[in-house]
Amino acid sequence: MAELKAVLFDMDDTLLSINLSAFIAVLARDLSSMLAQIGRKNQLAMFALYGSAMLELNNPDRTDQDLCNREFFEDFILRRCGIPLNDPVILDAFRYYEHEVLPKRNDAIINARPRKGAREAMDAVVSRGLRTALFTNPSFSETCIRCRMGWGDMLDMPFELITTMENSYSCKPTASYYLAGLEALGLQPDEVLMVGNDPKRDFPAPGIGLKTAYVGNGFQPNALWNGSMADFAKSLDEIEERFCNGE
């Protein structure tokens with residue numbers, strides 16, 4: 001029988017309710033506007049460039065995976081428009097934005113808040129002595145991710161690892177992203193359960209033997225369990241039994 005040792009959680013629309021598209025649009029608008037002012041570039045062109053950089057960062061077939069995601073993003077911007085994002089002055093400007101401005105951007109449209117059942121799910125996992133990590137798509141900086149964690153009342157959750165732009169070399173759903181995170185935790189794919197809402201990103205491609213509890217919309221036939229985040233904690237006995245029986 002398999003032994004469940006850890007539960008990996010996605011964040012957006014898993015532990016955190018959020019209009020993610022609105023959040024990304026606001027972040028892209030703000031940061032591209034800053035880049036346009038810094039580089040004396042056209043703002044619309046910089047908005048398009050920021051979007052291209054994010055798309056390429058998430059491209060599962062991208063090259064340069066010897067660069068962490070932040071380095072890849074910075075290199076892409078530098079090659080396309082000549083702006084060095086790792087310049088100390090620019091770094092300070094971006095840090096100020098992420099620490100002081102971004103936390104105030106949660107409005108009625110983004111509407112970020114704790115997801116129903118998230119706290120109960122974490123308490124249930126921890127009470128069983130299971131390890132836990134936050135496997136959120138690492139397209140954003142650690143500060144940006146922790147900002148959203150704050151909106152979701154997650155900053156006190158005992159994650160052993162939080163995947164970010166700074167510590168990841170690829171993005172979901174690539175197998176390399178999942179395998180690198182598991183290696184950092186000293187775990188094998190058959191020892192962990194992934195919990196997520198995305199029918200593509202929260203299922204590694206190609207498969208690595210990692211089982212996923214799906215808490216998104218619709219039914220996913222490849223999931224170990226389908227249900228809502230609100231039902232996860234009270235279904236954990238059933239979920240763990242399925243996991244251990246190799247279902």
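Quick one: give the max-minus-min coordinate of the C-alpha atoms of the range 111-230 along each principal axis, largest first, in Å.
In descending order, the Cα extents are 33, 32, 30 Å.
Determine ³J(HN,Hα), in whole Hz, for all residues of the range 39-50 in sequence, where each value follows from phi through the Karplus function 6.51 cos²θ - 1.76 cosθ + 1.60 and θ = phi - 60°; x replaces Gly and Pro.
Computed from phi, the couplings for the range 39-50 are x, 6, 10, 5, 5, 5, 5, 6, 5, 5, 5, 4 Hz.
Once amide H atoms are placed 1.01 Å from N in the peptide plane, what residues at a sequence separation of 5 or more from Met194, or on another chain, have their amide H within under 5 Å of its amide H?
Here the answer is Leu8, Lys211, Thr212, Ala213, since their amide H atoms fall under 5 Å of that of Met194.
Mind listing the long-range amide H neighbours of Thr174? Cut-off is under 5 Å, sequence gap 5 or more, other chains count too, H placed in the peptide plane at 1.01 Å from N.
Ala205
Note down the relative contact order for the chain as a percent, whole number, built from C-alpha pairs under 8 angstrom at least six residues apart.
Values: 401 pairs, mean separation 69.9, N = 247.
Result for the chain is 28 percent.
Working out 0.36 nm times the residue gap between Leu44 and Leu78, then minus their Cα-Cα distance, what length gain in nm do you get to one decimal? All intermediate terms of the calculation are to be shown ahead of the outcome.
Details: separation 34, 0.36 × 34 = 12.24 nm, distance 1.73 nm.
Contour length minus the Cα-Cα distance gives 10.5 nm.
Ordered by packing density, taken as the mean number of other Cβ atoms within 10 Å over each peptide's residues, highest first, how do 59-65, 97-103, 14-20 rank?
Working: 59-65: 11.4, 97-103: 15.0, 14-20: 21.6.
Ranking the peptides 59-65, 97-103, 14-20 by packing returns 14-20, 97-103, 59-65.
May I ask which residue of Ser168, Phe9, His99 lies farthest towards the positive end of the charge dipole of the chain, with charges of +1 (Lys, Arg) and -1 (Asp, Glu) on Cβ and the Cα centre as origin?
Projecting each Cα onto the dipole axis, the largest value belongs to His99.
If you average the C-alpha positions of the range 135-170 and of the range 24-45 separately, how far apart do those two centres end up, in angstrom?
The range 135-170 and the range 24-45 have Cα centres separated by 23 Å.
Suppose the Debye formula is applied to equal point scatterers at every Cα of the range 1-143; what is log10 I(q)/I(0) at q = 0.09, 0.10, 0.18 Å⁻¹?
Treating every Cα as an identical point scatterer, log10 I(q)/I(0) equals -0.37, -0.45, -1.14.
Per DSSP H run of n ≥ 4, the term is -39500 (n - 2.57); total these for the chain, divide by its residue number, and report the mean residue ellipticity at 222 nm rounded to 500 deg cm²/dmol.
Numbers: 9 runs with 101 residues, N = 247.
Theoretical 222 nm ellipticity from helices: -12500 deg cm²/dmol.
Would you mind calculating the gained length between Asn111 and Asp64 on full extension (0.36 nm times residue separation, minus the Cα-Cα distance), in nm to one decimal?
Numbers: separation 47, 0.36 × 47 = 16.92 nm, distance 3.55 nm.
Extra length available between Asn111 and Asp64 comes to 13.4 nm.
Over the chain, give the accessible area per residue in Å² for a 1.4 Å probe, as an integer. Don't skip to the answer; put the middle values down first.
Working: 11730 Å² over 247 residues.
I get 47 Å² per residue for this part.
Taking K and R as +1 and D and E as -1, what net charge do the other residues with C-beta under 12 Å from the C-beta of Ala223 add up to? Write out the running numbers ahead of the final one.
On the way: positive: Lys211, Arg242; negative: Asp198, Asp202, Glu247.
Net charge around Ala223: -1.
Over the range 51-194, what relative contact order in percent results from Cα pairs under 8 Å that are six or more residues apart? Don't skip to the answer; put the middle values down first.
Working: 143 pairs, mean separation 43.1, N = 144.
Computed over the range 51-194, the figure is 30 percent.
Using each residue's phi in the range 210-221, evaluate 6.51 cos²θ - 1.76 cosθ + 1.60 at θ = phi - 60° and report the 3J(HN,Hα) Karplus result to the nearest Hz, with x for Gly and Pro.
For the range 210-221, the Karplus-derived couplings read 8, 9, 10, 8, 9, 10, x, 7, x, 10, 10, x Hz, x marking Gly and Pro.
Taking the Cα centre of the range 48-98 as origin, sum charge times position over the Cβ atoms of Lys and Arg (+1) and Asp and Glu (-1), and report the length of that vector in debye to the nearest 20.
Working: 5 positive and 10 negative charges, 32 e Å.
Approximately 160 debye in magnitude.
Please compute, for the alpha-carbon atoms of the chain, the extent along each of the three principal axes and give them in descending order in Å.
Projected onto the principal axes, the Cα atoms of the chain cover 60, 38, 30 Å.
Please report the base-10 log of the normalised intensity I(q)/I(0) for the range 4-80, using a Debye sum with one equal scatterer per alpha carbon and no solvent, at each q in 0.24, 0.26 (1/Å).
So the normalised log intensities work out to -1.13, -1.18.
Tell me, what ³J(HN,Hα) does each residue in the range 176-192 have, in order and in whole Hz, if you take phi through Karplus 6.51 cos²θ - 1.76 cosθ + 1.60 with θ = phi - 60° and put x for Gly and Pro?
For the range 176-192, the Karplus-derived couplings read 4, 4, 5, 5, 5, x, 5, 4, 4, 8, x, 10, 9, x, 7, 10, 10 Hz, x marking Gly and Pro.
Would you grab the residues whose amide H sits under 5 Å from the one on Ser17? Only those 5+ places off in sequence or on another chain, please, with H modelled 1.01 Å from N.
Hits under the 5 Å cutoff: Arg113, Arg115.
Run the accessible area of the chain with a 1.4 Å probe and give the carbon-and-sulfur part as a rounded percent.
Working: 5870 of 11730 Å².
Carbon and sulfur: 50 percent of the exposed surface of the chain.
Take the residue pairs Lys172/Lys234; Lys5/Lys234; Lys5/Lys200; Lys211/Lys234 and return only those whose Cα atoms are more than 21 Å apart. Walk me through the numbers on the way to the answer.
On the way: Lys172/Lys234 28 Å; Lys5/Lys234 19 Å; Lys5/Lys200 24 Å; Lys211/Lys234 19 Å.
Beyond 21 Å: Lys172/Lys234; Lys5/Lys200.
Ordered by packing density, taken as the mean number of other Cβ atoms within 10 Å over each peptide's residues, highest first, how do 114-123, 39-48 rank? Intermediate results must be reported in sequence, preceding the final value.
Working: 114-123: 18.8, 39-48: 14.5.
With the highest mean Cβ count within 10 Å placed first, the list reads 114-123, 39-48.
Pull out the extension gain between Asp30 and Gln188, defined as 0.36 nm times the separation in residues minus the alpha carbon to alpha carbon distance; nm, one decimal. Show your work: numbers first, answer last.
Details: separation 158, 0.36 × 158 = 56.88 nm, distance 3.94 nm.
Full extension of this stretch gives 52.9 nm more.
The values are calculated or read from the model by the stated rules, or taken from the named source; none is laboratory data. Worth saying up front: this structure is predicted, and the values here are computed from it rather than measured. Quick reminder, even Gly has a Cβ in these numbers, built from the backbone with ideal geometry, and neighbours come from all protein chains shown. Areas reflect the complete protein model, heavy atoms only, side chains present, ligands, DNA and RNA absent. Shrake-Rupley method; radii C 1.70, N 1.55, O 1.52, S 1.80 Å.
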